[in-house]
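The values are calculated or read from the model by the stated rules, or taken from the named source; none is laboratory data. This structure is a prediction, so every number in the text was calculated from the model and none was measured. Here the Cβ is made from the backbone with ideal geometry for all residues, glycine too, and neighbour counts use every protein chain on show.
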Amino acid sequence: MENKKANQIECNDKFCSKHGKLSIRGRSFKGKVIRKFPKRICIEFERTVYIKKYERYSKRKTKLHARLPDCMAQDVNIGDYVEIRECRPISKIIHFCFVKKIQSKGAEK
C-alpha cells in the first residue's frame, strides 16, 4: 500500500486532461518525442503530401508542441512514441495535450 502512494504524484495541474478541467476534443496525432520541457513536449511525425505537378507524393515532417501534465512527466522521455489530442489553445504554441505513451524508446515492435 505504501509503495502505491509513494509512486502516485498528486496532480494539481488545471491543464491535465485526467485530473484537471481541460477537455480533449478534435484531432489526434502519434509521433516521436524530440524535445522535452518542464511543462510541454515537442513531437515529430512524417506525412505524405501529393504534388499535383509531378503526380507523386513527397514526405514532409511536422512538429507539434503539446502540454505535458505534472502527473505524467516522469513517464515520458525523448525518443518515446506518444499520442497527443487537440484541446483549446493553452498558449501561443500549445494547442494539444499529451494523452498516452504508446511505446518506449528501447522497445521494438
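Answer yes or no as to whether residue 74 is without any contact (Cβ under 8 Å) to a residue 60 or more places away in the chain and among the polar types (S, T, N, Q).
Values: without any contact (Cβ under 8 Å) to a residue 60 or more places away in the chain: no; among the polar types (S, T, N, Q): yes.
In short, no.
Which one of 79, 31 is touching a residue at least 24 places away in the same chain (Cβ under 8 Å) and not in a strand (DSSP E or B)? Full working, then the answer.
Values: 31 fails: not in a strand (DSSP E or B).
Exactly one residue qualifies, and that residue is 79.
Scan segment 34-71 residue by residue and report those that are in contact (Cβ under 8 Å) with a residue 12 or more places away in the chain, of a type in the set (Lys, Arg) and not in a loop (DSSP other than H, G, I, E, B).
Taking segment 34-71 first, the residues in contact (Cβ under 8 Å) with a residue 12 or more places away in the chain are 34-48, 59-71.
Still in the running and of a type in the set (Lys, Arg): 35-36, 39-40, 47, 59-61, 63, 67.
Correct list: 35, 36, 40, 47, 59, 60, 61, 63, 67.
Report whether or not residue 78 is within 11 Å of residue 43 (Cα to Cα) and modelled with pLDDT of 90 or more. Step through it out loud before you land on a result.
On the way: within 11 Å of residue 43 (Cα to Cα): yes; modelled with pLDDT of 90 or more: yes.
For residue 78, the condition - within 11 Å of residue 43 (Cα to Cα) and modelled with pLDDT of 90 or more - is met.
Give me the pairs: first residue in segment 82-98 and crowded, with 17+ Cβ neighbours inside 10 Å, second residue acidic (Asp, Glu), beta-carbon distance under 9 Å, and six or more apart or on different chains, which are they?
Note: pairs meeting the criteria are 95/86; 96/86; 97/86; 98/83.
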